[in-house]
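**Q** I'd like to ask you about the structure that follows.
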Amino acid sequence: MAIIEPVRTDIQHPPQTKRYSASLRLWHWANAIIISGSLITVLINSTITDERPISSLMQDELQKAGATVTNKQAMSFAHALGDKVWDIHIYFGYGLAALLLFRSIMEFFQLADQTFIRKMKSAYHQFQTTKKNRQEARHELVVKAIYAVFYLLLIVMVITGLSLAFEDALAVLKPIRHTIKDVHGFCMYLILAFIAVHLIGVYLAERKESKGIVSDMINGGCKNP
């Protein structure tokens, strides 16, 4: 499990901890909130507002109150309720798209040593050239590769999500709507897997030599651990 633990120290300057800019910290926590909200709406629509259970429940409760509702009317209500939740999901999707754009712009305005591409190249270079601490260099490269996959998943999620949200305007995509929806849903499961791996890795890191990594993502990190 150690391979998934994020490293607190700067691999190129071991006495120092990694630094996180205010914009990166803002993006990180805002992204966590947006993704959590989006996943919660999916969970609600697949459980609480699932059409068949909610329509049956509504019919039963109304019959107890002395009212009569047909199965078709109950299903129509349940469908409308689910649509309301999906509307909220779409708004979270817009927020995710905005944050992805913000993260892309950050790559051009962040300090050179804090951009993701630069860090990825640095980790690869360290792994290729270092003779000492090779295990640490491999560890850092694997962690960065996992984050790269996460960014790629976010891009796919945003593109497929926007395609579904604007399907009426993008008539050319209607024949492949089902495929787009399947890709969007599959990416959601992969992002859930990443979140699980990320949380486990951070938990393990906090219990070992990288203790304080969560507070670093809040306060930016200190130069001397």
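The values are calculated or read from the model by the stated rules, or taken from the named source; none is laboratory data. This is a predicted model, so every value here is computed, not measured. Here Cβ is always computed from backbone atoms with ideal geometry, including for glycine, and neighbour counts include all displayed protein chains.
**Q** Within the stretch 77-86, does at least one residue satisfy the condition of being outside the structural domain of Phe166 (by TED's automatic domain parsing), at pLDDT below 80 and acidic (Asp, Glu)?
**A** Looking through the stretch 77-86, none of the residues is outside the structural domain of Phe166 (by TED's automatic domain parsing), at pLDDT below 80 and acidic (Asp, Glu).
**Q** Here is a follow-up. So is Thr179 polar (S, T, N, Q), modelled with pLDDT of 90 or more and surrounded by 12 or more Cβ atoms within 10 Å (Cβ to Cβ) or not?
**A** Here the answer is no, as Thr179 does not meet what is asked.
**Q** If we scan the stretch 87-94, do we find a residue that is outside the structural domain of Ile44 (by TED's automatic domain parsing) and within 15 Å of Trp27 (Cβ to Cβ)?
**A** No; the residues of the stretch 87-94 include none that is outside the structural domain of Ile44 (by TED's automatic domain parsing) and within 15 Å of Trp27 (Cβ to Cβ).
**Q** Return the residue satisfying two criteria in turn: it lies in the stretch 51-105 and is closer than 24 Å to Ala165 by Cβ and of a type in the set (Asp, Glu), and of such residues it is surrounded by the most Cβ atoms within 10 Å (Cβ to Cβ).
**A** Top of the filtered list is Glu51.
**Q** Let me ask another. When you scan the stretch 97-117, do you find a residue that is of a type in the set (Gly, Ala, Ser), touching a residue at least 12 places away in the same chain (Cβ under 8 Å) and over 24 Å from Lys18 (Cβ atoms), even just one?
**A** yes
**Q** Same structure, new question: Being part of a helix (DSSP H, G or I) and either of a type in the set (Asp, Glu) or farther than 25 Å from Phe150 by Cβ (or both) is the filter here, so list the residues in the stretch 160-172 that pass it.
**A** Ala171, Val172
**Q** Within the stretch 171-210, how many residues turn out to be closer than 24 Å to Ile159 by Cα and of a type in the set (Asp, Glu)?
**A** Going through the stretch 171-210 one residue at a time, the tally reaches 1.
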